[in-house]
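Structure record follows, encoded as structure tokens.
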Amino acid sequence: MKQINMVDAPKYVNEKVKIGVWLTNKRSSGKIAFLQLRDGTAFFQGVVVKSNVTPEVFELAKEVKQETSMWVTGIIHEDARSKFGYEIEIETIEVLSETHDYPITPKEHGVDFLMDHRHLWLRSSRPHAVMRIRNEVIKATYDFFNDEGFIKIDAPILTGSAPEGTTTLFHTEYFDRDAYLSQSGQLYEEAGAQAFGKVFSFGPTFRAEKSKTRRHLIEFWMIEPEMAFMHQEESLEIQERYIAYLVTRVLENCQMELKTLGRDPEVLKKYTVLPYPRISYDEAITMLKKGGFDLEWGVDFGSPEETYLADQFNQPVFVINYPKAIKPFYMKPHPTRDDVVICADLLAPEGYGEIIGGSERATDYDYLYDQIVKAGLDPKEYSWYLDLRKYGSVPHSGFGLGLERALTWLTGEDHVREAIPFPRLLNRIYP
Ligand code: 4AD
Ligand code: MG
């Protein structure tokens, strides 16, 4: 008899198989017991018919408690009424570990309780669906960039540089000197682009942000492509194709997960239509003022502003050319205006905010040196980075996609903590 994963059930209809499972719920009558099961790959039903099994097996089916682990054997059947579409008619049950008083019951629990039990909560159908979509997005990311001729160059996590400003740095000791946890792999990807042309990184990044919002994690994963010989407009085209590709892959391969989450595929389908609109920061300010926001040119946008702007469009929208004063030191200055830089944030629809930040990079050694000093950074720490402008400097552009931000939007979850297996938040480093 073959041991299978339930996700492969369509290949074993009417066959007898063995599956390792946990019990999630059950109900029974005098003659039949319905066990709700999960095997890690699917959530499905096991049916135990009293007249078809030994009295011991039927008794076990009635007694077994939530999250007890078991081997079951039985016949796979199609079951058009269930979400998964297949069930197992159980013949034997072998209990592996009897479980009592599993803390997460089918009733409603508060967020804090669930977060305290994240190590167990991951088993539940909702987080399970989100993590499967996360996996699909990661796979799609590798496929997209490899197919586009990028290679993955890993950036270090322990660094001496602060690309995104010194206020959110995580400080640590590095033997007898200071180091920080990476805020972004970008500066290293720029070195990579000059060695390999088109590169990307995917890794954890850290921001000691004292903000407690639906969009901020302390530790999050970022995808950071960087392209040599490329101006910003071409980078925007890659960005929108990349996002449309992620949406397409999720629609193709995660139908069941979207159903579990109640995320309407028709809504997502709209986001595969290209190009995405582009508006300038100046236009954004005018729009916001018209919308009743009391703000002046030069301010950075918070969540209400980003939501309002995104609501004016049916698709993700690029806001381009932000004021230089509110953006990092490395961005390319505008050729005819010295108050803005060549950059773009991509705002997701439905109030999910900025999912990509990117720019063309400053290429001139003296300009960049000056910007580093103005940012309060020590140019000595950045001499390796300045070397990139000394030896074969070229126009180049890049961007960073926050995986969890994008995933929160794709899955329709309401908080970024749902998009990472073990979230690190302002008040949470446990479990
Ligand atoms: O806009 P950011 O700060 O840009 C950079 O770090 C650039 N160096 C990227 C690059 O050009 N290579 O961050 C990029 C993205 C944001 O758009 C957002 O999606 C995500 O990272 N992000 C966060 N996600 C979760 N929690 C946080 N605290 C985040 N901060 C940024
Ligand atoms: Mg940003």
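When region 114-169 is examined, which residues are found to be open to solvent by less than 40 Å² (accessible area, probe 1.4 Å), part of a helix (DSSP H, G or I) and either among the small types (Gly, Ala, Ser) or in contact with a His (Cβ under 7 Å, 6 or more places away or on another chain) (or both)? The answer is ALA129, ALA140. Taking the stated definitions as given, is ALA155 over 30 Å from ARG38 (Cβ atoms) and in the same structural domain as GLN183 (by TED's automatic domain parsing)? Spelling it out, ALA155 is indeed over 30 Å from ARG38 (Cβ atoms) and in the same structural domain as GLN183 (by TED's automatic domain parsing). Scanning region 172-200 for residues that are of a type in the set (Ser, Thr, Tyr) and either touching a Pro at 6+ places or on another chain (Cβ under 7 Å) or assigned to a helix (DSSP H, G or I) (or both) yields a total of 3.
For the criterion of being open to solvent by 70 Å² or more (accessible area, probe 1.4 Å), among the basic types (Lys, Arg) and part of a helix (DSSP H, G or I), LYS212 fails. Checking each residue in region 330-341 for being more than 14 Å from ligand 2 (Cβ to nearest atom) and part of a loop (DSSP other than H, G, I, E, B) picks out LYS332, HIS334, PRO335, THR336, ARG337, ASP338, ASP339. Scanning region 219-253 for residues being within 16 Å of ligand 2 (Cβ to nearest atom) and not in a strand (DSSP E or B) gives a total of 5.
Within region 412-431, being in a helix (DSSP H, G or I) and open to solvent by 30 Å² or more (accessible area, probe 1.4 Å) holds for one residue alone: ARG417. Which of the residues that make up region 246-256 are within 18 Å of PRO349 (Cβ to Cβ) and open to solvent by less than 20 Å² (accessible area, probe 1.4 Å)? LEU246, VAL247, VAL250 - these are the residues of region 246-256 that are within 18 Å of PRO349 (Cβ to Cβ) and open to solvent by less than 20 Å² (accessible area, probe 1.4 Å).
Quick one: which residue in LYS327, LYS270, LYS259 is open to solvent by 30 Å² or more (accessible area, probe 1.4 Å), farther than 22 Å from ASP143 by Cβ, within 25 Å of the chain's Cα centre (by Cα) and within 15 Å of ligand 1 (Cβ to nearest atom)? Going through LYS327, LYS270, LYS259 in turn, the sole match is LYS327.
Each residue in region 211-227 was checked for being closer than 20 Å to ASP143 by Cα and either more than 7 Å from ligand 1 (Cβ to nearest atom) or over 18 Å from the mean Cα position of the chain (by Cα) (or both), and 5 of them qualify. Residue selection: ALA344 fails the criterion of being assigned by TED's automatic domain parsing to the domain that holds GLN232, crowded, with 21+ Cβ neighbours inside 10 Å and part of a helix (DSSP H, G or I).
Taken over region 44-53, the residue count meeting the criterion of being surrounded by fewer than 20 Cβ atoms within 10 Å (Cβ to Cβ) and touching a residue at least 24 places away in the same chain (Cβ under 8 Å) is 3.
The values are calculated or read from the model by the stated rules, or taken from the named source; none is laboratory data. Small disclaimer: the values here were computed from a predicted structure and weren't measured. Positions of Cβ are backbone-derived with ideal geometry, glycine not excepted, and every protein chain shown enters the neighbour counts. To get the accessible areas, we keep the full protein, side chains included, count just its heavy atoms, and leave off ligands, DNA and RNA. Shrake-Rupley method; radii C 1.70, N 1.55, O 1.52, S 1.80 Å.
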